[in-house]
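A.B. asks: Got a structure for you, questions after.
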Amino acid sequence: MAHDLHTHTNRSDGENAPGDLVMYAATRGVDVLAITDHDTMAGVPAADPAGKVSGVRVIPGIELSIRVPHGSMHLLGYFSDLAPQPLTGLLAGFAETREERAREMVDRLNDLGVPVGWDEVRDGAAGAALGRPHIADALVRAGHVPDRRAAFDLYLGDGRPAYVASHGLEVDEGITLVRESGGAAVLAHPGTLGLDRAHLDPFVGRLARAGLAGIEVHRPEHSPDQFAAYATLAQRYGLVPSGGSDYHRSTSPYHPGDTGDPPLPGHTIDRLMAAALG
Ligand code: AMP
Ligand code: ZN
Ligand code: FE
Ligand code: FE
């Protein structure tokens with residue numbers, strides 16, 4: 001059976017309703033599934049009944065946007081509660097922060113001569129945690145670009161002209177918040193930090209000292225070389241090697257349970273939660 005500790009629902013920028021995601025994962029042989037939407041846990045209670053019906057163990061999770069000077073940093077959190085505190089109490093504020101940032105990106109697009117209406121973006125998100133994919137979809141609907149990929153390549157990708165860095169928490173704040181909420185903090189996709197190996201190593205060491213429990217090692221897009229490099233970092237700093245598919249939608253390259261070769265080991269979630277308590 002497969003374990004997957006990184007997936008998205010339509011409560012952020014994924015396609016599947018939470019319950020549908022759980023049922024879909026079950027058909028793919030996943031028996032432990034973490035729901036890790038961007039800056040929201042709204043999908044977790046909605047997924048819980050499907051977990052009971054299908055026998056999939058649903059792990060309450062989140063993917064927090066972290067403020068960094070360049071690139072993107074995401075911090076995963078895993079919990080035993082559906083509504084961990086104090087995190088849950090802060091999530092409404094996070095939604096506002098995401099909305100402010102999305103508005104800045106829409107303003108930049110308008111300044112760049114690529115007009116897109118704010119209402120158009122917000123309505124397209126249908127109440128989900130707003131993000132760049134929703135802006136990209138609005139650009140496609142307005143006919144400015146042929147597809148999402150072009151929207152990121154031309155305007156929204158990290159460092160592109162309409163990109164605005166996340167206004168989220170600082171990394172130490174994020175790790176502390178996850179821990180104080182009884183959870184395990186995991187560094188997501190270390191390859192997107194924009195750090196070369198010489199700089200990534202001490203950075204991960206610093207996060208480990210701040211209370212990080214794990215780092216994503218088992219991801220389907222990792223080359224053997226990346227897998228080895230991140231596994232070495234995990235070992236060096238006493239972090240649990242974690243991972244997942246980062247599945248978003250039917251057109252995503254990887255689907256629930258695709259966690260690379262070798263796949264995510266069983267009991268990873270238990271090791272993470274034990275590390276968080278220790
Ligand atoms: P945000 O949280 O607003 O920064 O958006 C992050 C999401 O945008 C990621 O989870 C991906 O789904 C998507 N994304 C980021 N970079 C790209 C890219 N270059 N091409 C397509 N999608 C991307
Ligand atoms: Zn996403
Ligand atoms: Fe991410
Ligand atoms: Fe993700």
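A.B. asks: For Ser65, are the conditions met, namely being under 24 Å from Glu170 (Cβ atoms), among the hydroxyl-bearing types (Ser, Thr, Tyr) and assigned to a strand (DSSP E or B)?
C.D. replies: yes
A.B. asks: Any residue at all in segment 188-205 that is hydrophobic (A, V, I, L, M, F, W, C), under 30 Å from Ala17 (Cα atoms), open to solvent by 10 Å² or more (accessible area, probe 1.4 Å) and out of contact with any Leu (no Cβ under 6 Å at 6 or more places or on another chain)?
C.D. replies: Looking for residues that are hydrophobic (A, V, I, L, M, F, W, C), under 30 Å from Ala17 (Cα atoms), open to solvent by 10 Å² or more (accessible area, probe 1.4 Å) and out of contact with any Leu (no Cβ under 6 Å at 6 or more places or on another chain), one finds at least one in segment 188-205, hence yes.
A.B. asks: For segment 58-71, enumerate the residues that are within 11 Å of ligand 3 (Cβ to nearest atom) and open to solvent by 20 Å² or more (accessible area, probe 1.4 Å).
C.D. replies: Scanning segment 58-71 gives no hits.
A.B. asks: Now for a separate question. Which ones in segment 125-140 are under 21 Å from Ala92 (Cβ atoms) and open to solvent by 40 Å² or more (accessible area, probe 1.4 Å)?
C.D. replies: Hits for segment 125-140 are Ala126, Gly127.
A.B. asks: Further question on the same structure: Could you list, in sequence order, all residues of segment 10-55 that are within 14 Å of ligand 3 (Cβ to nearest atom) and on the phi < 0 side of the Ramachandran plot?
C.D. replies: Answer for segment 10-55, where residues must be within 14 Å of ligand 3 (Cβ to nearest atom) and on the phi < 0 side of the Ramachandran plot: Ser12, Asp13, Gly14, Ala34, Ile35, Thr36, Asp37, His38, Thr40.
A.B. asks: While we're on this one: Residue by residue through segment 193-218, note down the ones that are over 19 Å from Leu264 (Cβ atoms), touching a strand residue (DSSP E or B) at 6+ places or on another chain (Cβ under 8 Å) and within 16 Å of ligand 3 (Cβ to nearest atom).
C.D. replies: Hits for segment 193-218 are Leu193, Leu207.
A quick yes/no check of all residues on (1) open to solvent by less than 20 Å² (accessible area, probe 1.4 Å); (2) touching a Cys at 6+ places or on another chain (Cβ under 9 Å); (3) not acidic (Asp, Glu):
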{"position": "Leu87", "(1), (2), (3)": "yes, no, yes"}
{"position": "Gly93", "(1), (2), (3)": "no, no, yes"}
{"position": "Thr97", "(1), (2), (3)": "no, no, yes"}
{"position": "Asp107", "(1), (2), (3)": "no, no, no"}
{"position": "Gly117", "(1), (2), (3)": "no, no, yes"}
{"position": "Ala142", "(1), (2), (3)": "no, no, yes"}
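A.B. asks: Kindly indicate whether Asp261 is assigned by TED's automatic domain parsing to the domain that holds Gly205, at pLDDT 95 or above and open to solvent by 60 Å² or more (accessible area, probe 1.4 Å).
C.D. replies: yes
The values are calculated or read from the model by the stated rules, or taken from the named source; none is laboratory data. Not measured: the values here are computed from a predicted model. We place every Cβ from the backbone using ideal geometry, glycine too, and count neighbours over all the protein chains shown. Areas reflect the complete protein model, heavy atoms only, side chains present, ligands, DNA and RNA absent. Shrake-Rupley method; radii C 1.70, N 1.55, O 1.52, S 1.80 Å.
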